[in-house]
1. When you look at residue 189, is it under 30 Å from residue 300 (Cα atoms), in the same structural domain as residue 220 (by TED's automatic domain parsing), modelled with pLDDT of 85 or more and surrounded by fewer than 18 Cβ atoms within 10 Å (Cβ to Cβ), yes or no?
2. Being crowded, with 19+ Cβ neighbours inside 10 Å and in contact with a helix residue (DSSP H, G or I) (Cβ under 9 Å, 6 or more places away or on another chain) is the filter here, so list the residues in segment 542-559 that pass it.
3. Determine whether segment 271-288 contains at least one residue that is part of a loop (DSSP other than H, G, I, E, B), loosely packed, with under 15 Cβ neighbours inside 10 Å, in contact (Cβ under 8 Å) with a residue 40 or more places away in the chain and more than 37 Å from the chain's Cα centre (by Cα).
4. I'm checking my understanding of the structure. Among residues of segment 195-213 that are modelled with pLDDT of 90 or more and touching a strand residue (DSSP E or B) at 6+ places or on another chain (Cβ under 7 Å), which one is surrounded by the fewest Cβ atoms within 10 Å (Cβ to Cβ)?
5. Suppose we filter segment 21-40 for residues that are part of a loop (DSSP other than H, G, I, E, B) and either at pLDDT 90 or above or surrounded by 17 or more Cβ atoms within 10 Å (Cβ to Cβ) (or both); how many remain?
6. Would you be able to say whether some residue in segment 647-661 is part of a helix (DSSP H, G or I), modelled with pLDDT under 90 and surrounded by 12 or more Cβ atoms within 10 Å (Cβ to Cβ)?
7. I'd like to know if segment 455-463 contains one or more residues that are at pLDDT below 90 and over 20 Å from residue 378 (Cβ atoms).
8. Residues of segment 291-314 being closer than 26 Å to residue 359 by Cα and surrounded by 21 or more Cβ atoms within 10 Å (Cβ to Cβ), which ones?
């Protein structure tokens, strides 16, 4: 007799067979691996640029500190590709250049430049040249970059602002430079000062208003610096340059200090416009709120909440709206509206604060169809629960509904711009203020559940923590894997987290990096990242490293279809014996079996399920989840007879050939006995 293999010997598994739909999903990543360089609000903002190298070649990247207006304390460059670091370098004092080699470079890259400027000026100037290794000074124009590294928040940067403007001169001759303090919302403390460069060559420093400079055709860089009033911490000035013919070469308005960036809109014709500033007194009245309308470097009109609506004559073209608000007893919110008769041309809104641990926010939501709507504000409780959250809905300068707590507000809105207002209190831990997240959205009150507007907002990002939010559009009902990786450059994060949400609904979150799965349906979702930069580790060669408030992470979202494994405790067994089938699955909601007496609906996992083997059989299991259907099979060969071995027959298998012979002999004996009796 043939000896059967003993129990516990697993049968060989067949390859999984994915359904066609699942295969199609697996070939497309929802969000391919990418990198993000982020900086705290107390850091100099990194500068980045993407470029593509079509034909493989050896490259060299040279970072140069131009030491304008002074040498930087430190600077570095990092090049990434597909979520990984391709190369990096940092300036080592007193050197002013650093280089990175890229061997056989090909494909899409992103270059980041970061640094710590001089503490005196809080700004530094650099160039990053990407060139063939054989000719390192022949910069590839589309890949190389230059600019300013400017501290975002510091005692100086709260009132000091710089500009870095490229001038492309095509005609030789005398160019006239003029600038003027617009005294909005107050006069500047230090008037603008400019310097003009071509490459690393100084053309003229200390440019004053009215200066005439003779220029040859070429590309120039204009750097400027100005300081706002130390109390108001905000200001505006105009800058204009005329060419040798007296025509306008450049005309702009530049912000100084903490004034909000201008919002631009198109005025379709020369006409009379109404400029309105509204203080919503939510959650408290402001000390002041005002706006100024400009075209290039020309003032068109101004208005304030206290002074009411103002009528101005505006020329055709792109107009800029500058806004400023100062808090009263607490934080507040206001909006600025520009209209032509009954036509709303532009609306912007702003929160003013913080005050203590309370912050204010405002958002403009275009409503295309009049009707019933609902607004929902929810605390995402990531990474901590907020101490408080209130919000309101306004339109036409009036609050329609408001709530002191996170809830749902139902209201009727006209077609036009809706304004959402929110105030939030940052969480505290151990007496220290930390940070949190909330979501505020608008959707139709009945019918479609699609979001008209959805915004994830961080609270108290000024704590030195990083915050980034990006939209994720899903096109299929499926299971997805979200991955977050700390790339540990220039050092590891002290903390790192990711949350996936849709509206106020949290689908998954993770701290420190890793992967989590979530089920998604077609629609738009939010990926929100929060992190705190770490502290570099001292070494023997660098016992006092500079703490760089930067971090680099990678993230991706990919389809995660179901998986299934199916095994048998034996690969061969005697017919009529009992075998054990075992299976497991992931991302599956149901499973169905086929083969022999292993049929019908099954649990998504099973252990030592007894099956009677009648004949050689292939057993199959198909499991279905939101990511598709996957199948796996295992075959067990049936044999005739055995003196022992696998199965559940106790004393061994029955020899069916012997039983047949014995039955024939018994029948013959019975017939002989019957003849004798007759």
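1. Criteria not met by residue 189.
2. Once the filter is applied, which keeps residues that are crowded, with 19+ Cβ neighbours inside 10 Å and in contact with a helix residue (DSSP H, G or I) (Cβ under 9 Å, 6 or more places away or on another chain), segment 542-559 yields only 559.
3. No, segment 271-288 contains no residue that is part of a loop (DSSP other than H, G, I, E, B), loosely packed, with under 15 Cβ neighbours inside 10 Å, in contact (Cβ under 8 Å) with a residue 40 or more places away in the chain and more than 37 Å from the chain's Cα centre (by Cα).
4. Selected residue: 210.
5. Selection size over segment 21-40: 2.
6. Within segment 647-661, one or more residues are part of a helix (DSSP H, G or I), modelled with pLDDT under 90 and surrounded by 12 or more Cβ atoms within 10 Å (Cβ to Cβ).
7. Scanning segment 455-463, I find at least one residue that is at pLDDT below 90 and over 20 Å from residue 378 (Cβ atoms), so the answer is yes.
8. Matches in segment 291-314: 291, 292, 303, 305.
The values are calculated or read from the model by the stated rules, or taken from the named source; none is laboratory data. If you're wondering where the values come from, they're calculated on a predicted model, not measured in any experiment. Cβ atoms come from the backbone with ideal geometry, glycine included; neighbour counts cover every protein chain shown.
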